[in-house]
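Data first, discussion second: the structure below is written as structure tokens.
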Amino acid sequence: MTSGIPRLDTMLAGGYYRGSTILISGSPGTAKTSLAAVLVNAACQNGERALFVSFDEPEEQIVRNMRSIGIEFDTHRAAGLLRMKNMRAASASAPEHFQRLRLEAEEFRPAVLIVDPVSALTKAGGAALANALIEVMVDYVKGRGITTVFTALVDDVDPEREVTLNHVSTIADVWLHLTFVPHGGERNRALSIVKARGAGHSNQVRELILSDDGPSLADVYSSSGVVLMGTARLEREAEEAAGEIERRFGQDTRRKEAQIRLKEVEGRLAAAKVELEARISELDMLETEEQRLSGMQIERTRSIRRSRRADGP
């Protein structure tokens, strides 16, 4: 099924497998929720149900935030295709949260489930219990063929390490990692696929861009070992575009010059053809005149001989 982002589908060799579990990890603000929301939007547009479970972030706040990237959750909720549930991580134990989530899924029967963030379960019972419940949760959704997205914060001790708080990365089928790349006074989002079981996925880093039309991915540029994103990438693209325009202009100029030279040659050929035909016509006229004069001379000679009654022809 589509991820909701065509370029990401290409990176995943076609999209997500149905019934798979997807982990989206990253530090705060890297657009983990936005990437999950794109999948929800695509599923609902396809007429499939989605259950969006958020921890510690009100439903209406998520709806408002997603509206800023062109995703209208209200439309899907009104159509009965999207159900959103908010849970306070500290309000219950991790097993109670899982039980509530399971009951919601049993009642609504979604094709897509979002748990945002699954790392919040550690607040409700510690890492060991949360890890055990996540394994149970993965087994549950796989048994029902539900395509599930877990978002998770990276380890606070070392944000650059690709390790989630719950180590759910070891059991996920697909792992997307989001990060910030600071360069030139900017912080730009980057996406990479750490793993995708059963798919020949891309190993390239892509810049994740959020706009009014939704998230999209752009190529990053490497110059002297430095990855270019954001304004630096735009400047490089502008330089390449200008170079392409200059190259095309040069080609057009050379093409026009070649066409002018061709017309000149064609003109000379046409003039030579006319001159050739004139010379041929002149030769024909000379030969005709020569034959006429020769005939007149022969006839004159015969006339003289006849007048003299000479012998012989």
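Annotations for the structure displayed:
- Given (1) under 28 Å from the mean Cα position of the chain (by Cα); (2) part of a helix (DSSP H, G or I); (3) acidic (D, E), number of the condition E48 does not satisfy: (2)
- Residue in region 52-64 that is at negative phi and under 26 Å from the mean Cα position of the chain (by Cα) present: no
- Taken as a whole, region 30-37 holds at least one residue that is touching a Pro at 6+ places or on another chain (Cβ under 6 Å), touching a residue at least 60 places away in the same chain (Cβ under 8 Å) and more than 19 Å from G145 (Cα to Cα).
- Failed item in (1) surrounded by 17 or more Cβ atoms within 10 Å (Cβ to Cβ); (2) without any contact (Cβ under 8 Å) to a residue 24 or more places away in the chain, with D9 passing the rest: (1)
- When residues in region 88-117 are screened for being farther than 27 Å from T2 by Cβ, touching a strand residue (DSSP E or B) at 6+ places or on another chain (Cβ under 8 Å) and part of a loop (DSSP other than H, G, I, E, B), 1 of them pass.
- Checking each residue in region 160-205 for being within 21 Å of L133 (Cα to Cα) and either hydrophobic (A, V, I, L, M, F, W, C) or modelled with pLDDT of 90 or more (or both) picks out V163, L165, V168, I171, A172, D173, V174, W175.
- For region 52-74, a residue qualifies if it is outside any loop (DSSP other than H, G, I, E, B) and touching a residue at least 12 places away in the same chain (Cβ under 8 Å), and the qualifying residues are F52, V53, S54, F55, E59, I62, V63, N65, M66, F73.
- Qualifying residue in region 118-132 (condition: modelled with pLDDT of 90 or more and not in a helix (DSSP H, G or I)): no
The values are calculated or read from the model by the stated rules, or taken from the named source; none is laboratory data. Nothing here was measured: the structure is a model prediction, and the numbers come from that model. Cβ coordinates were reconstructed from backbone atoms using ideal geometry, including for glycine residues, and neighbour counts include every protein chain displayed.
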